[in-house]
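Shown next, in structure tokens, is the structure this report addresses.
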Amino acid sequence: GPGPGRLPAGEEGPVEGGPPDHSYSLSSGTTSEELLRKLNEQRDIIALLEVKMKEMKGSIRRLRLAEAQLREEIREKDRLLHAAGASTRKRHGL
């Protein structure tokens with residue numbers, strides 16, 4: 001049979017529980033139907049968060065590639081500036 005605090009399939013009634021100490025805690029009068037609805041809502045939220053996480057990972061990957069390209073451009077410009085500065089010093093006898 002059902003364990004303590006559990007209901008037989010299809011039967012509604014309150015589920016025993018402690019006082020709610022978190023915003024997601026349930027009151028002691030929560031029915032199995034309400035529990036199922038809350039569970040499904042939480043699954044939907046988790047699924048949405050997983051999609052968002054994948055999108056963010058893609059964004060991070062693109063940002064890292066862009067950062068690498070920008071760093072390479074900076075290195076190239078630094079080389080050009082250094083070369084230009086060296087040739088200017090040579091021309092002026094410094």
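Can you send over the carbon and sulfur percentage of the accessible area for region 31-93, probe radius 1.4 Å, protein chains only?
Working: 3640 of 5980 Å².
Whole-percent figure for carbon plus sulfur exposure: 61.
With θ set to phi - 60° and the Karplus curve 6.51 cos²θ - 1.76 cosθ + 1.60, what are the ³J(HN,Hα) couplings of region 42-57 in order, to the nearest whole Hz, using x for Gly and Pro?
5, 4, 4, 4, 4, 4, 5, 5, 5, 4, 4, 4, 4, 4, 5, 4
Please turn the phi angles of region 73-86 into ³J(HN,Hα) values with the Karplus equation 6.51 cos²θ - 1.76 cosθ + 1.60 (θ = phi - 60°), one per residue in order, whole Hz, x for glycine and proline.
4, 5, 4, 5, 5, 4, 4, 5, 5, 5, 5, 5, x, 5
Would you work out which of LEU48, LEU36, ALA68 lies farthest towards the positive end of the dipole of region 31-93, given +1 charges on the beta-carbon of Lys and Arg and -1 on that of Asp and Glu, about the Cα centre?
Most positive-ward Cα: ALA68.
Assuming 0.36 nm per residue, please report the length gained on full extension of the stretch LYS77 to LEU65 beyond their Cα-Cα distance.
Values: separation 12, 0.36 × 12 = 4.32 nm, distance 1.85 nm.
Between LYS77 and LEU65, full extension yields 2.5 nm more.
For the residue pair LYS52 and LEU36, what label-to-label distance in nm results when each label sits 7 Å from Cα along the Cα-to-beta-carbon direction?
2.8 nm
In whole Hz, what ³J(HN,Hα) sequence does region 66-71 give by Karplus (6.51, -1.76, 1.60; θ = phi - 60°), x for Gly and Pro?
4, 4, 4, 5, 5, 4
Please list the non-local residues whose amide H lies under 5 Å from the amide H of THR30, H modeled 1.01 Å from N, same-chain partners needing a gap of 5 or more.
Here VAL15 satisfy the definition.
The values are calculated or read from the model by the stated rules, or taken from the named source; none is laboratory data. Since this is a predicted model, take the numbers as computed values, not measurements. Quick reminder, even Gly has a Cβ in these numbers, built from the backbone with ideal geometry, and neighbours come from all protein chains shown. Accessible surface is based on the protein model in full, side chains and every heavy atom, while ligands, DNA and RNA are left aside. Shrake-Rupley method; radii C 1.70, N 1.55, O 1.52, S 1.80 Å.
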